[in-house]
């Protein structure tokens, strides 16, 4: 695997938060820097994906459902300092929806401090979540590798705004309700006759119920069909599957998508970040689509 040092003569670095779920192979290869959100238990706080694993979150949920909070000022500051240390003066910062988290605004405030030090930061609010946000960072990394300039990459990412869509099926909406991410009336849907919801983000970057069906298998089948409808807008799409906790049949879901959308590149990204796991609970199956320009 290539090393980040190979990109040090490039023009810009990429900053993301841990809830973007950028795949490890991208983090290893490209100059992508991650700021972790925080998971708070009564007696301890953990950095997302650094101090605690997704599995640990679900193991503990019967005893205590933790809360989550923004990255610390120190962690964001350290990320900027690491970027500067590695020789970059331009940053493309790509983050989960500002309507689901205050992370984007925190990065904006700190980037203004660094602007006075000559560090230029372009902030991109993905209006999305999880790998649905991370796929914009993946695209930016590929443009960096192709030799696109800072300005051209920004222009291209802006052009692709809305090209990412995420559909995820959950066992229950109770965790989203507890976290204030979805209303009480909507959260009752999952208790009605075993109906399972399909959640997505609207153009404002807030959650909405994109569909529903009875039972998880039917729900996933419908999410795959919705993914196809979104993918049909272009000739080629990249599709990534994600999940939370112990789920079965992921390989079969991948096969179904490959069969239904043959012009797509399909991969499995594995567990969503622990912070996102707190908000959705175990049993999530998600499908993210990125339309290639």
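Just subtract the alpha-carbon distance of residue 203 and residue 258 from 0.36 nm times their residue separation and send over the number in nm, one decimal.
Computed gain between residue 203 and residue 258 is 17.1 nm.
Using the per-residue mean of other Cβ atoms lying within 10 Å as a proxy for protection, in what order, highest first, do the peptides 227-233, 112-118 fall?
Highest mean packing first, the order is 227-233, 112-118.
R0 = 22 Å: FRET efficiency of residue 292 with residue 11, Cβ-based, nearest 0.05?
0.45
Would you please classify the overall shape of region 90-144 from the alpha carbon gyration tensor, given that a ≥ b ≥ c denote the square roots of the eigenvalues, rounded means a/c under 1.5, and beyond that prolate means a/b larger than b/c while oblate covers the rest?
Oblate, because a/c is 1.5 or more while a/b does not exceed b/c.
Could you calculate the FRET efficiency of residue 112 with residue 146 from 1/(1 + (r/R0)^6), where r is the beta carbon distance between them and R0 is 25 Å, rounded to 0.05?
About 0.25, to the nearest 0.05.
Among [x] 0.96; [y] 1.02; [z] 1.15, only one was calculated for this model; which label is it, if the read-out is Rg/Rh (Cα atoms, Kirkwood Rh)?
Computed from the coordinates, Rg/Rh (Cα atoms, Kirkwood Rh) corresponds to [x].
Ranked by Cβ crowding within 10 angstrom, fewest neighbours first, how are 268, 110 ordered?
By the 10 Å Cβ count, ascending: 268, 110.
Could you sort the peptides 137-145, 254-262 by per-residue average Cβ neighbour count (10 Å cutoff), highest mean leading?
137-145, 254-262
So how do 26, 73, 46 line up by other beta-carbon neighbours within 10 Å, fewest first?
73, 26, 46
In deg cm²/dmol and to the nearest 500, what is the mean residue ellipticity at 222 nm of the chain if only DSSP H runs of at least 4 residues count, each as -39500 (n - 2.57), divided by the residue total?
The helix contribution divided over the chain gives -10500 deg cm²/dmol.
Label residue 26 and residue 235 with points 7 Å out from Cα along Cα→Cβ: what is the distance between them in nm?
For residue 26 paired with residue 235, the spin-label model returns 2.3 nm.
When 119, 239, 289, 224 are ordered from fewest to most other Cβ atoms inside 10 Å of their Cβ, what list results?
Going from sparsest to densest Cβ surroundings: 119, 224, 239, 289.
How much of the DSSP beta bridge set in the chain is antiparallel, as a percent to the nearest 5?
Roughly 55 percent of the DSSP beta bridges within the chain come out antiparallel.
In whole Å, what is the distance between the alpha-carbon centres of region 211-255 and region 103-149?
28
How far, in nm, would the chain grow between residue 268 and residue 105 when pulled straight, counting 0.36 nm per residue and subtracting the alpha carbon separation?
Roughly 55.7 nm would be gained on extension.
Each reported figure results from applying straightforward, stated rules to the coordinates on display, with no laboratory input. Note that the coordinates shown come from a computational prediction; the quantities given were computed from them, not determined experimentally. Note that each Cβ is placed from the backbone with ideal geometry, even for glycine, and that neighbours are counted across all protein chains shown.
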